[in-house]
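Remarks on the structure that follows.
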Amino acid sequence: MKKIVLTGGGTAGHVTPNIALLPALKEAGYEAYYIGSYKGIEKGLIEDCGIPYYGISTGLLRRYFDLRNFSDPFRVLKGCKEAKKILSEIKPDVVFSKGGFVGVPVVKAAKRLKIPCVIHESDMTPGLANKLCISSAKKICCNFPETVEMMPKGKAVLTGSPIRKELFEGNKERGLKLCGFSKDKPVIMVIGGSQGAGSVNQTVREIIPKILPNYQVAHICGKDKVDNLMLTINGYKQFEYLKDELKDIYAMADIVISRAGANSICELLALKKPNILIPLSVGTRGDQILNAASFAEQGFSVLLREEALDPSNLIDKINELYADRQKYIDAMKNSSQIDPIESIMKVINEEAIQEK
């Protein structure tokens, strides 16, 4: 049986694409293992999947001054030694890294052991961790055509990001029943999120009285962000968070309003949902703005910058998007990123075979 070591962590966005790959890896005959940090978010997520998990030491490589910058390099060096020992014991055919700082020691150790590495970059411009791994990787899977052009020639492949299989199994009728919605009006799905989404949540709520005559709205607004004064409005349903039911809300939605995190927009692309992207512009390195601009350029999305977000603009964008929704669906159908798991599995298999 072929063996693969997966790595990535720090945020759920560095873990869930790995989880999405697991069924395809199993079907292809891979025995999967995971290397993450001792206590990171990845530990709980992966242990729930029932595959072996190994923790290593890791440090955050910051671009700003912090006293921890003096100690973290030693943690990374320790992590490299631990990763090398684990990889030597497992002897995988290939390593796949989704990014995050825990991936750096694993990729560097794999290179020393001559184990081929495939890394995946979700955003248009690589994060610092992936930048440190590019020279050690055999192939780099990317979400954006612009990213492919930035990478060393011959290394990058446009694949898109792996999407959980269950998101394709949603049921529109279940979604309508969950929300108490009618079949007679189109549905807008709003993914506000729990971080930095205050402006989106506020503006959506301001326009509810004006848009409910023509639309119904399912609003995933984030933990502790439900507006109790709006709980009884027909045609407007709020959720703090959705897990199993998310697929049904997606299936029900005619159009979507979302932030522009890489995983979120790849879900919209894979599900072919016409969307308005309002990228987070404060407290990030600007990746959401670049992601959204690329999707707008490719004809997948309508871009609404946060500084231009107001009730009038949002209503105009909603009406324009709904009227032209088929144009956006057609563009997404023609995208080469439409089957990310198959594309990534092809890259993984090629590298594993070459190693043999």
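Just so it is clear, none of the values below were taken in a lab; they were calculated from the coordinates. It should be emphasised that the depicted structure is a prediction, and the values quoted were computed from it without experimental measurement. A quick note on method: Cβ atoms are made from the backbone with ideal geometry, for glycine too, and the neighbour counts reach across all protein chains shown.
Backbone amide hydrogens, once placed in the peptide plane, bring ILE257 within less than 5 Å of MET189, VAL190, ILE191, ILE276, excluding anything fewer than 5 places away on its chain. Between LEU113 and MET150, the FRET efficiency from the beta-carbon distance, with R0 = 22 Å, is close to 0.20.
Once a ≥ b ≥ c are taken as the square roots of the eigenvalues of the Cα gyration tensor of region 230-356, is the result rounded (a/c under 1.5), prolate (a/b larger than b/c) or oblate (a/b not larger than b/c)? Prolate, since a/c reaches 1.5 and a/b exceeds b/c. Across the chain, the mean sequence separation of Cα contacts (distance under 8 Å, 6 or more residues apart), normalised by length, yields a relative contact order of 15 percent. If you take the square roots of the eigenvalues of the alpha-carbon gyration tensor of region 69-140 and sort them as a ≥ b ≥ c, do you get rounded (a/c under 1.5), prolate (a/b over b/c) or oblate? The shape class here is oblate. For the chain, taking Cα atoms only, Rg and Dmax work out to 21.1, 63 Å respectively. Ranked by the mean number of other Cβ atoms within 10 Å per residue, highest first, peptides 251-259, 206-214 order as 251-259, 206-214. Loop-located chymotrypsin sites (Phe, Trp or Tyr not before Pro) across region 246-304 with a Cβ neighbour count of 12 or fewer within 10 Å are lacking, with loop assigned by DSSP. Calculated mean residue ellipticity, 222 nm, the chain: -12500 deg cm²/dmol, from DSSP H runs (n ≥ 4) at -39500 (n - 2.57) each, averaged per residue and rounded to 500. Checked against a 22 Å cut-off, the cross-linked pairs LYS114/LYS165; LYS210/LYS237; LYS98/LYS131 give Cα-Cα distances beyond that limit for LYS114/LYS165.
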